[in-house]
Amino acid sequence: MVSDVALGTMTWGRDTDEHEAREQFEVYLDAGGVFVDTADVYADGAAQEILGHLLHDHRNDDIVVLSRSGGSRNAARPFELSRRHLMHSLESTLRRLGVDAVDIWSIHGPDDGTHVDETCAAMSDALQSGKALYTSVCDWSPANLGYATGRGCAVSGGAPTVAQYEYSLLQRGVEDDVVPFLTSHGLGLVAWSPLGRGVLTGKYRRGTPADSRGATSHLRAFVEPYLDLRSRQIVDAVCAAAEGLAVAPLDIALAWVLARPAVSSAIVGARTAAQLRGILAGHGLELPAEIVRALDDVSHQPTSYPSSTAW
């Protein structure tokens, strides 16, 4: 069992120092949250080290940690899912977190250089050794998700129990193939960037704020795809709905995602504790049916995400 809002740690160790991360963590726990998302590549491992310190200090057995592996610093091969790379990543993650096992081990991808059977075998090894309690996949193509769930990983005992995909009003590609598959197989979806990489907060409507992700050298390219005309039209609709309901635009965006089929949890990240408080303040909002229909209409799109190519 996990919280429907997960605490993301992507900014920790780079844009968010340990003191601010600690405050975020405490704000999140005080709000009843118990689900934390991290990855070995966040700030070159610093995010996991900070989380490890916080887990040690709080010692709350209810906290569920999901950690991703598979990211690579090789620009020509952004993901490496070989057994060697994955197991080294897992060992490093456990050391940084100061735990014997990670609750959910998520495998990012895809990797054309590694056969999916090798990746599935590594997932099985992690489960059988007790170093991972459950497994997950992130951004896998529908073909490989199906293989992992129905054949490859299932045969080796490492079949995923949950999947992570980007899902927001600005990115609805999972609705075509992924969501129906997850629903039919009883798997949960953990949505990353439910606020459209921060764009659905409305902060970019009149330019790029100096203190935003879009203004940083390391995240500018992450935000820019959602600063086009189509995205502005969706953001305008979200802001209009927010004004009508007297809530924040991010409340509308988050409520929309959490009400979608198959979604178990949505990951929210913040640079400061104050930003996180703002996100959590509107949690629990239920959107009127007419607003949902209007948002569905304005945000509908054909898309190629996730890639349909098997590897």
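No lab work stands behind these numbers, since they all come straight from the coordinates. If you're wondering where the values come from, they're calculated on a predicted model, not measured in any experiment. Glycine also receives a Cβ, built like all others from the backbone with ideal geometry; neighbour counts cover every protein chain displayed.
Helix 116-128: angle to the longest alpha-carbon principal axis of the chain, degrees 0 to 90, nearest 10? Approximately 80 degrees, to the nearest ten.
Once C-alpha pairs closer than 8 Å and six or more residues apart are averaged by separation and normalised to the residue number of the chain, the relative contact order reads 19 percent. Over the range 105-160, Cα pairs under 8 Å with separation of 6+ residues give a relative contact order of 46 percent. Remark: the range 263-279, residue by residue, has Karplus-estimated 3J(HN,Hα) of 6, 8, 7, 10, 8, 10, x, 9, 7, 10, 5, 5, 5, 5, 4, x, 5 Hz, where x stands for each Gly or Pro and the curve is 6.51 cos²θ - 1.76 cosθ + 1.60 at θ = phi - 60°. Quick check of the Kirkwood formula: for the range 54-197, what is the inverse mean of 1/r over all pairs of different Cα atoms, in Å? Kirkwood radius, the range 54-197: 15.6 Å. One Cα centroid belongs to the range 193-271, the other to the range 19-80; the line between them spans 22 Å. Fully extending the segment from residue 210 to residue 83 would add 41.6 nm, taking 0.36 nm per residue of separation and subtracting the current Cα-Cα distance.
Note that the chain shows a convex hull volume over its alpha carbon atoms of 124 Å³ per residue. In order along the range 56-69, the phi-based Karplus estimate (6.51 cos²θ - 1.76 cosθ + 1.60, θ = phi - 60°) of 3J(HN,Hα) comes to 5, 6, 8, 6, 9, 5, 7, 5, 10, 10, 10, 10, 9, 10 Hz; Gly and Pro are listed as x. If a/c stays under 1.5 just call it rounded; otherwise compare a/b with b/c (prolate if a/b is bigger, oblate if not). Do that for the range 230-309, with a ≥ b ≥ c from the square roots of the Cα gyration tensor eigenvalues. It comes out oblate by the Cα gyration axes. In order along the range 287-303, the Karplus-derived 3J(HN,Hα) couplings, from 6.51 cos²θ - 1.76 cosθ + 1.60 at θ = phi - 60°, round to 7, x, 4, 5, 6, 4, 4, 5, 5, 4, 5, 6, 9, 4, 7, x, 8 Hz, and Gly and Pro are given as x. You can think of it this way: the chain between residue 154 and residue 243 has 27.3 nm of extra reach, that is 0.36 nm per residue less the Cα-Cα gap. State whether the range 103-167 is rounded, prolate or oblate according to the following rule on the C-alpha gyration tensor (a ≥ b ≥ c being the square roots of its eigenvalues): a/c under 1.5 gives rounded; otherwise a/b larger than b/c gives prolate, and the remaining case gives oblate. In terms of gyration-tensor shape, oblate. A cysteine counts as unpartnered when no other cysteine's C-beta lies under 4.7 Å of its own; in the chain this applies to 138, 239.
Looking at the square roots a ≥ b ≥ c of the eigenvalues of the Cα gyration tensor of the range 186-229, which shape do they give, rounded for a/c under 1.5, prolate if a/b is larger than b/c, or oblate? Verdict is prolate for the range 186-229.
Over the range 188-311, Cα pairs under 8 Å with separation of 6+ residues give a relative contact order of 31 percent. Close amide H pairs (under 5 Å, H built 1.01 Å from N) link residue 266 with 5, 6, 191, residues at least 5 positions away or on another chain.
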